[in-house]
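The values are calculated or read from the model by the stated rules, or taken from the named source; none is laboratory data. It should be emphasised that the depicted structure is a prediction, and the values quoted were computed from it without experimental measurement. Because the Cβ atoms are built from the backbone with ideal geometry, glycine has one as well, and the counts that use them run over all protein chains shown. To get the accessible areas, we keep the full protein, side chains included, count just its heavy atoms, and leave off ligands, DNA and RNA. Shrake-Rupley method; radii C 1.70, N 1.55, O 1.52, S 1.80 Å.
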Amino acid sequence: MAKRETKPINLAVLLSGSGTTLENFIKHIDAGKLDAKIQVVVSSRPKVRGLEIARDAGIETRIVSRKKNPDEREFSRKIDDALNGFPIDLICFAGFMSKYFAHDRYFGKIINIHPALIPMFCGEGYYGHYVHESVLNRGVQVSGCTVHIVDDEYDHGPIVAQRVVPVLEDDTPDTLAARVQAEERRLYPQVIQWFAEGRVRVKCGKVYIEGRSRSSIMPEK
Ligand code: GAR
C-alpha cells in the first residue's frame with residue numbers, strides 16, 4: 001500500500017522508567033520513518049532515565065509522582081493537568097507502570113505495548129522480567145508483544161497489533177526479553193504510523209487497520 005501524505009501526529013509519552021521505548025520513537029522520528037512529534041513526556045517517577053532522554057532531545061517533560069499521589073483518580077487528574085495545553089492526538093504508554101483513568105477527550109486515543117501475547121501473561125503485576133519468567137515457567141512455545149488501546153483495566157483494551165516470537169528451550173528471561181524487545185521496536189512505531197495515517201478504526205471492541213496484511217504478525221527475517 002502506498003504511503004499516504006500525513007501531517008505529524010502529536011504524541012504524549014507516559015513512562016515510569018528507563019525510556020528505551022521513548023528512545024526508539026525518537027530514533028524513528030529522526031530517521032523520517034515515523035511522522036510524529038512528541039509534544040510532552042510525563043513520568044510517574046522523578047529520577048528516571050526516560051526523563052533524561054526526553055530532555056536531551058529537547059522535549060518538554062512533566063513529573064506526576066505516583067508515590068505522592070496514592071489515590072489513582074487523583075493521580076489521573078494530575079496527569080490530565082500535566083497534558084493540558086499540549087495538542088495531543090495520541091497518548092503512548094512507554095513502560096508506564098500505573099493506572100490512568102483517562103479524561104473523556106482521550107477516549108480511544110491511548111495505546112500501550114505489553115511484552116507478551118495478550119490475553120496471556122498480562123494484567124496487574126505483569127511487567128518487565130516478571131512477564132518473561134512466567135512465560136518460561138509455563139512452558140509455552142511462543143511469546144511476543146501486543147499493542148492495545150488502553151481502557152480502565154491493566155493490559156485489557158482492544159488489540160491493535162501483535163508480533164510473535166519463538167520461545168527457545170535454553171531461553172532465560174533476558175534472552176527472551178531481548179527477542180521480544182526487538183519486535184517491540186518495530187511494532188510500536190508502525191502502529192503509531194497507522195494512527196498518523198488515519199487507518200485505525202475500532203468497531204464493536206475490535207480494531208481494524210485499513211490495508212493491513214495479517215501475515216505481518218510474524219517476526220521479520
Ligand atoms: C517494554 O518492554 C514494555 O513492553 C514493558 O515495559 C518495557 C518498557 O521499557 N511494558 C509492560 O510491561 C507493560 N505491562 P522502557 O521503560 O525502557 O521503555
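Write out the trypsin sites (Lys or Arg not before Pro) in the range 1-98 meeting two conditions: DSSP loop, and at most 15 other Cβ atoms within 10 Å of their Cβ.
When the trypsin sites (Lys or Arg not before Pro) of the range 1-98 are filtered for loop state and at most 15 Cβ neighbours within 10 Å, 3, 4, 33, 47, 67, 68 remain.
Shape verdict for the range 1-127, please, from the Cα gyration tensor: rounded (a/c under 1.5), prolate (a/b greater than b/c) or oblate.
Details: a/c = 1.45, a/b = 1.31, b/c = 1.11.
Verdict is rounded for the range 1-127.
Roughly to the nearest percent, how much of the accessible area of the chain is carbon and sulfur, given a 1.4 Å probe?
50 percent
From the backbone phi of the range 32-39, what are the Karplus-calculated ³J(HN,Hα) couplings (6.51 cos²θ - 1.76 cosθ + 1.60, θ = phi - 60°) in whole Hz, Gly and Pro given as x?
Listing the rounded values in order: x, 9, 9, 8, 9, 10, 8, 7 Hz.
What is the range 50-106 by shape, rounded, prolate or oblate, if you read a ≥ b ≥ c off the alpha carbon gyration tensor as root eigenvalues and call it rounded for a/c under 1.5, prolate for a/b larger than b/c, and oblate otherwise?
Because a/c hits 1.5 or more and a/b fails to exceed b/c, the range 50-106 counts as oblate.
Write down the accessible area per residue of the range 19-159 in Å², having rolled a 1.4 Å probe over the full set of protein chains.
51 Å²
If you wrap the range 75-221's Cα atoms in a convex hull and average its projection over all directions, what's the area in nm²? Let's see the in-between values first.
Details: hull surface 37.4 nm².
It is 9.3 nm².
Compute the normalised compactness of the range 98-162: alpha-carbon radius of gyration over 2.2 N^0.38 Å, N being the residue count.
1.16
Under a 10 Å cutoff between Cα atoms, tell me which one of 169, 184, 210 has the largest fluctuation in the Gaussian network model of the chain.
Residue with maximal mean-square fluctuation among 169, 184, 210: 169.
Tell me the relative contact order for the chain as a rounded percent, counting alpha carbon contacts under 8 Å between residues six or more apart.
Numbers: 412 pairs, mean separation 40.2, N = 221.
Worked out over the chain, it gives 18 percent.
Does a label point 7 Å from the Cα of residue 27, set along Cα-to-beta-carbon, have any residues of the range 46-62 with amide nitrogen under 16 Å, and which are they?
In the range 46-62, the label zone of residue 27 (backbone N under 16 Å from the point 7 Å along Cα→Cβ) covers 50, 53-54, 57.
Keeping all protein chains in place and using 1.4 angstrom, which order do 212, 186 fall into by accessible surface area, from largest down?
186, 212
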